[in-house]
Amino acid sequence: MNRPRLAERPVPVPEDTRTPTDWATPAMQARLRRRYAAERRFRRLGLAAVALSAGFLLFLLATMLAQGSSGFTETRLRVPVDLAAARLTITPAQLSERRADLALAGAGLQAVVENAASRRYGAPALLSGGAWLRVRDAIKADPALLHRTATFDLPVSSALDLAAKGKGTPQATALVARLRAQGVLGRHLNLAFLTDADSTDPTRIGIWGAFLGSLLTLVVTLALAFPIGLLSALYLEEYAPRNRWTDLIEVSINNLAAVPSIIFGLLGLAVFLGTFGLPRSAPIVGGLTLALMTMPVIVIAGRNAIKAVPPSIRDGALAIGASPVQVVFHHVLPLALPGILTGTIIGMARALGETAPLLMIGMRAFIAAPPSGLTSPATVLPVQIFLWSDQVDRGFVEKTSAAIIVLLAFLLAMNGLAIYLRNRFETRW
């Protein structure tokens with residue numbers, strides 16, 4: 001009978017006769033040095049890429065702030081106006097009527113104010129075209145001003161305003177220096193830029209009309225794109241059978257998300273304006289057009305967020321007796337909602353900055369009054385910036401940069417909200 005052989009014990013090798021391991025060979029050490037050097041180079045390249053991106057961003061922000069910060073201020077001239085000597089043909093009864101603005105304009109108030117400034121300081125065209133409106137509002141608030149001399153701080157013309165900010169001609173700069181020496185010229189916060197609409201005078205323009213148009217357009221976009229996109233994502237991910245028709249739909253949605261935005265503008269022009277006859281340059285048409293563009297982005301973001309929910313959540317809910325609908329709306333959707341909201345807000349931020357599709361549906365008209373509803377003529381912030389940048393008057397340059405600052409602040413606020421929602425409701429598995 002053969003007995004099993006016992007394992008032979010290894011014979012110890014003397015220290016001086018051992019063969020060096022692979023890690024100790026010069027070739028391996030050289031390879032390790034090259035690997036560590038490549039890792040250090042990769043880190044430096046990554047850091048350089050981040051620094052370059054941050055540098056470009058800081059350069060953009062610094063340029064916009066340098067050019068646009070002066071757009072939030074205006075230069076005002078102190079002008080005494082003798083309204084009693086002007087003898088305006090207007091009665092206190094007319095001031096109490098709804099047509100008081102027309103009565104003051106017809107009485108020649110604008111000429112009185114402009115002549116008062118010219119006689120006082122010996123130069124023509126000192127005031128902005130809308131300076132007399134400040135006097136008009138003061139008279140409406142206090143009719144007793146018609147019987148005495150009152151002093152007003154009125155906005156100056158675009159040429160003087162640029163000179164006061166160091167961007168004017170030599171003649172305007174000399175006039176500004178003389179007025180400053182008299183102590184009658186000052187720089188003030190331009191609140192009208194945030195509360196007025198578009199104008200042909202750069203000293204009177206404001207962004208409120210375009211801002212309100214953007215808000216109304218985004219409301220329509222969100223009201224249509226979010227529910228339809230969310231339900232589409234739920235159906236495709238939870239209920240749709242896996243066949244070639246579903247694959248075709250998925251490919252189509254992915255392709256729609258990559259279609260240039262101007263194509264959606266052409267679609268909106270042909271369908272909403274040409275076929276349905278909706279009003280041109282209205283927020284409802286802009287919202288419908290941007291909803292078509294934003295919906296694929298929401299569907300893709302929603303599907304990815306729903307797919308990230310672990311299958312054990314579904315299995316556990318079904319195991320305790322929940323119906324498939326309850327599983328989706330009570331368990332899957334609440335857990336996927338942070339990712340869905342993040343994708344939705346990013347898609348809405350993209351829609352906010354779009355210009356091409358809105359130009360195609362006519363939202364580039366000159367709108368002198370803020371929109372009063374979804375069917376009122378309106379424009380949006382990106383289009384307003386485009387229109388101002390095309391103006392010849394140099395006074396529009398700083399206003400364009402100031403409007404860009406407002407748009408960037410709006411976009412940063414929306415992206416910040418997306419980050420907050422993701423961090424606030426995100427569940428880590």
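The values are calculated or read from the model by the stated rules, or taken from the named source; none is laboratory data. Just so it is clear, the model here is predicted, and its values are computed rather than measured. Cβ placement follows ideal geometry from the backbone for every residue including glycine, while neighbour counts extend to all protein chains displayed. Just so you know, the surface numbers come from the protein's heavy atoms only, side chains and all, with ligands and any DNA or RNA stripped out. Shrake-Rupley method; radii C 1.70, N 1.55, O 1.52, S 1.80 Å.
Some points to look at:
- At a probe radius of 1.4 angstrom, the accessible area of the chain per residue rounds to 57 square angstrom.
- Backbone geometry of the range 71-76 corresponds, through the Karplus equation with coefficients 6.51, -1.76 and 1.60 at θ = phi - 60°, to 3J(HN,Hα) couplings of x, 8, 10, 9, 9, 10 Hz, x marking Gly and Pro.
- Matching label, Cα Rg over 2.2 N^0.38 Å computed from the structure shown, candidates (1) 1.16; (2) 0.96; (3) 1.54: (3)
- Accessible area of the range 235-292 belonging to carbon and sulfur atoms, whole % at 1.4 Å probe: 68
- Between the C-alpha center of the range 29-89 and that of the range 273-314 there is a gap of 32 Å.
- Residues whose amide H falls under 5 Å from that of residue 73, counting only those 5 or more places apart or on a different chain, are 190, with hydrogens built in the peptide plane.
- Close amide-amide hydrogen proximity is noted between residue 127 and 157, each under 5 Å apart and 5 or more residues distant or on a separate chain (H modeled in the peptide plane; Pro and chain starts excluded).
- Mean projected area in nm² (Cα convex hull; one quarter of hull surface) for the range 54-115: 7.2
- Sum of -39500 (n - 2.57) over DSSP H runs of 4+, divided by residues of the chain (222 nm, nearest 500): -19000 deg cm²/dmol
- Local electrostatic count, residue 400, Cβ distance below 13 Å [Lys/Arg +1, Asp/Glu -1]: -2
- Kyte-Doolittle mean at least -0.5, axial Cα span of 24 Å or more - DSSP H helices of the chain: 26-68, 208-234, 283-307, 333-352, 395-425
- Among 35, 303, 134, the residue with the largest mean-square fluctuation in a Gaussian network model of the chain, with springs joining Cα atoms closer than 10 Å, is 35.
- Considering every alpha-carbon pair of the range 198-353, the percent of pairs per 5 Å bin, from zero through the bin containing the longest distance, is 2, 9, 15, 17, 16, 14, 10, 7, 5, 3, 2, 1, 1, 0.
- Across the range 195-245, the relative contact order, built from alpha-carbon pairs under 8 Å that are at least six residues apart, equals 19 percent.
- Under 15 Å, Cβ to Cβ, from residue 118 - net charge with Lys/Arg +1 and Asp/Glu -1: +2
- Charge dipole magnitude, Cβ of K and R +1, D and E -1 - the chain, Cα centre, debye nearest 20: 1240
- Candidates 351, 30, 257: whichever shows maximal mean-square fluctuation once the chain is modelled as a Gaussian network with Cα springs under 10 Å: 30
- Gain on full stretching of the segment that runs from residue 323 to residue 350 - 0.36 nm per residue minus C-alpha separation: 6.0 nm
- Placing unit charges on the Cβ atoms of the charged side chains and taking the dipole of the chain about its Cα centre, the candidate lying farthest along the positive direction among 416, 352, 215 is 416.
- Added length on full extension, which subtracts the Cα-Cα distance from 0.36 nm per residue, residue 255 to residue 174: 23.1 nm
- Remark: relative contact order (the chain) = 18 percent; criterion is Cα-Cα distance under 8 angstrom and separation of 6 or more residues.
- Calculated FRET value between residue 391 and residue 52, using beta carbons and R₀ = 51 Å, to 0.05: 0.90
- Most mobile listed residue (359, 95, 65) in the chain, GNM with C-alpha springs under 10 Å: 95
- The distance linking the range 315-344 with the range 142-212 is 58 Å (Cα centroid to Cα centroid, whole angstrom).
- Residue 152 long-range amide H proximity, modeled H, under 5 Å: 79, 81
- Net charge of Cβ neighbours under 13 Å - reference residue 332; Lys, Arg +1; Asp, Glu -1: 0
- Of 169, 139, 181, farthest towards positive along the dipole that unit charges on Lys, Arg, Asp, Glu beta carbons give the range 125-217: 181
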